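Notes for the one structure printed next.
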Amino acid sequence: MAAEEDRLAKAFENKVIFLTGGTGFMGKIFIERLLRDTEVAKIYLLVRPKRGKTPRQRVTEIFNDPLFDLLKEKISIETILSKTDVINGNCEELDVGISEEDRQFIIENITQIFHFAATIRFDEAMKKAVLMNTRGSREMLKLARQCKKLELYGHMSTAYCHLHVQFLLEQPYDPPADPNEIIKMIENMSDEEIENQSKGILEKLNLPNTYAFTKSLAEALVVEARNKHKLPVLIFRPSIILATWRDPIPGYVDNFNGPIGLMLAVGKGVARSMYCDQKSYGDFVPVDIAINALFISVWNFYTYKNEDHFIIHFTSSNEIRLTWEDMAILGKETIQNDYPFNQILWYPNITMTQYRWLHSIRAFLFHWIPAYVVDFLLQMLGYQQFMKKAALRVDKAVEVLEYYANNQWDFDASIQCLFKSRLTPYEENKYKVNARGISIRQVFSESALGLRRYVDKTPDSMIPAAFRLLKIMNIVDKVTKLVVYGSLFYWLYTLILALAGGANIPITILKLLFCLFAILI
């Protein structure tokens, strides 16, 4: 039987690609897929030195990641290295920090550019976010306009970059400010002046963080380059990125960002409260499904050449809608029943509330008091303290998610659906972007296992020990609750007697407050 034709892979055949953000989460998945499934001619990666390692060392090391094991079963590491090369640079710098020799090489040889590089921290400092996300995009576009053989410029945006729009269409939107003016302002102000004004700028524009602000500005620059300079552009808008669903391995993740970090914090017993509208839902996409959508989009670009379809949403809520409450339940079930974490501080559980004051009380009780107690004990025993720092990271992680967990957005997916409808059954299975056959419970389970393996760096052989510790912490949790609620009932009983017998009023009021407090938590 003849092999099925993969038309999507041919969109990258013999192409010379220049990729930024190749050492990041999505970048690595994209590289792996290109090398495993296409006959790409060469991939050039823009990489900066980091932690005393040269760009070439950094790229060589990423191929030691388990993510690339399946690829290395197909082709040798020598072939992988021959198909990839490094261009020294930095998207935070003017001209993306590349040499004149490298610039000329790119101008003469590159056929596709994919700009993934960005700082994705929601609470990033304004200066770094503007230089990386906005000015970096401008500098990449300037370079792209000079490329003599350029066929496609792919820009990785986000579905959450126009937060004033409750139902986002696959079309351009006006930016919240003039991107070039913002860049100029940042370049001409001191760090102190920038930070003093950044909060006021965001509040004036009604934006929650520098990430949404700078990504919307960057997208406007790409649209301008398309309209004014006729640059062949695709803009990809993925929603919140999760671990891999299946390709090349299930549950792969390499960072603490967003819901992934929250899941780890809950699993460790560190995060126990969240200010959240439990009934609202977020939009989440496994990273490999987002890359599949990119492949489909690029193939459509070459095949159908419809210039109006240049912004594509990589979203899932038109097929799967999970409330934050559903996700909390699934996360707890997964951690408690499938893959608990080692070195947990308390039995994994998280409560959600729409009342900020109640969340603040719970955070004080369950995040900060345990942190100070544990650090005090560690100090007494002569060990390094770490819990206060961990509690601070958890509070920041929960805080940056609050805006998204207490607001609701919906996303049009008409172009995405049109592109999907053009696939053969073989391509639809290989480049899966629909929800058919996907078990959400399994996705959560494999994400927990991936967190253990690739982020927490814990071997699978320690899973039985994790279950034993979980049972112990479950008993500790139940005994603690029994003591608290036993005291509650006892004090309620004595309170009733005190009120009936006219006992000491101040003590009676304290008991009443304790009872109300215990009920709340």
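The values are calculated or read from the model by the stated rules, or taken from the named source; none is laboratory data. If you're wondering where the values come from, they're calculated on a predicted model, not measured in any experiment. No Cβ is skipped: glycine too gets one built from the backbone with ideal geometry, and neighbour counts run over all protein chains shown. Remember, those area values only see protein heavy atoms, side chains included, never the ligands or the DNA or RNA. Shrake-Rupley method; radii C 1.70, N 1.55, O 1.52, S 1.80 Å.
Here residue 438 passes the criteria (1) closer than 30 Å to residue 306 by Cβ; (2) in contact (Cβ under 8 Å) with a residue 12 or more places away in the chain; (3) in a helix (DSSP H, G or I) except the one numbered (3).
Yes/no matrix, rows are residues, columns are (1) at pLDDT below 85; (2) among the charged types (D, E, K, R); (3) open to solvent by less than 10 Å² (accessible area, probe 1.4 Å); (4) more than 27 Å from residue 390 (Cβ to Cβ):
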site	(1), (2), (3), (4)
275	no, no, no, no
291	no, no, yes, yes
295	no, no, yes, yes
306	yes, no, no, yes
345	yes, no, no, no
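When 386, 411 are checked against the criterion of being in contact (Cβ under 8 Å) with a residue 40 or more places away in the chain and within 26 Å of the chain's Cα centre (by Cα), a single residue qualifies: 411.
Using the structure shown, decide if residue 326 is open to solvent by 50 Å² or more (accessible area, probe 1.4 Å) and of a type in the set (Asp, Glu). So residue 326 fits the description; yes. Residue-level check: of (1) over 30 Å from residue 457 (Cβ atoms); (2) touching a strand residue (DSSP E or B) at 6+ places or on another chain (Cβ under 9 Å); (3) open to solvent by 40 Å² or more (accessible area, probe 1.4 Å), residue 366 misses just (1).
Taking the listed residues 9, 41, the one that is within 30 Å of residue 419 (Cα to Cα), buried (at least 18 other Cβ atoms within 10 Å of the Cβ) and modelled with pLDDT of 95 or more is 9, with no other qualifying. For the stretch 108-137, taking the residues that are among the polar types (S, T, N, Q) and open to solvent by less than 10 Å² (accessible area, probe 1.4 Å), the one that is nearest to residue 10 (Cα to Cα) is identified as 112. Within the stretch 252-264, being assigned to a helix (DSSP H, G or I), more than 8 Å from the chain's Cα centre (by Cα) and within 15 Å of residue 454 (Cα to Cα) holds for 261, 263, 264.
Looking across the stretch 12-33, the residues that are aliphatic (A, V, I, L, M), open to solvent by less than 10 Å² (accessible area, probe 1.4 Å) and in a helix (DSSP H, G or I) come down to 29, 31. Considering the conditions (1) open to solvent by less than 30 Å² (accessible area, probe 1.4 Å); (2) under 30 Å from residue 6 (Cα atoms); (3) in a helix (DSSP H, G or I); (4) not small (Gly, Ala, Ser), residue 398 is excluded by exactly one of them, (2). In the stretch 91-114, is there at least one residue being assigned to a helix (DSSP H, G or I), touching a residue at least 40 places away in the same chain (Cβ under 8 Å), hydrophobic (A, V, I, L, M, F, W, C) and at positive phi? Yes, the stretch 91-114 contains at least one residue that is assigned to a helix (DSSP H, G or I), touching a residue at least 40 places away in the same chain (Cβ under 8 Å), hydrophobic (A, V, I, L, M, F, W, C) and at positive phi. If you check residue 231 against the conditions, is it over 26 Å from residue 286 (Cα atoms), surrounded by fewer than 17 Cβ atoms within 10 Å (Cβ to Cβ), touching a helix residue (DSSP H, G or I) at 6+ places or on another chain (Cβ under 8 Å) and of a type in the set (A, V, I, L, M)? Spelling it out, it is not the case that residue 231 is over 26 Å from residue 286 (Cα atoms), surrounded by fewer than 17 Cβ atoms within 10 Å (Cβ to Cβ), touching a helix residue (DSSP H, G or I) at 6+ places or on another chain (Cβ under 8 Å) and of a type in the set (A, V, I, L, M). Looking only at residues of the stretch 443-468 that are free of Cβ contacts under 8 Å to residues at least 40 places away in the same chain and not hydroxyl-bearing (Ser, Thr, Tyr), we find that the one that is surrounded by the most Cβ atoms within 10 Å (Cβ to Cβ) is 468.
For the stretch 252-261, indicate whether the set of residues that are touching an Asp or Glu at 6+ places or on another chain (Cβ under 7 Å) and crowded, with 20+ Cβ neighbours inside 10 Å is non-empty.
Within the stretch 252-261 (the criterion being touching an Asp or Glu at 6+ places or on another chain (Cβ under 7 Å) and crowded, with 20+ Cβ neighbours inside 10 Å), the answer is no, since none of the residues qualifies.
Scoring residue 249 on the criteria (1) open to solvent by 10 Å² or more (accessible area, probe 1.4 Å); (2) aliphatic (A, V, I, L, M); (3) assigned to a helix (DSSP H, G or I); (4) in contact with a helix residue (DSSP H, G or I) (Cβ under 7 Å, 6 or more places away or on another chain) leaves a single failure, condition (3). In the condition set (1) crowded, with 21+ Cβ neighbours inside 10 Å; (2) within 21 Å of residue 458 (Cβ to Cβ), residue 300 is compliant with all but (2). Taking (1) open to solvent by 60 Å² or more (accessible area, probe 1.4 Å); (2) touching a residue at least 24 places away in the same chain (Cβ under 8 Å) in turn, residue 471 satisfies each apart from (2). Looking only at the stretch 401-431, residues that are at pLDDT 90 or above, outside any helix (DSSP H, G or I) and closer than 29 Å to residue 173 by Cβ come to 8 in all.
Output yes when any residue across the stretch 47-66 is closer than 26 Å to residue 255 by Cβ, at pLDDT 95 or above and crowded, with 19+ Cβ neighbours inside 10 Å, and no when none is.
no
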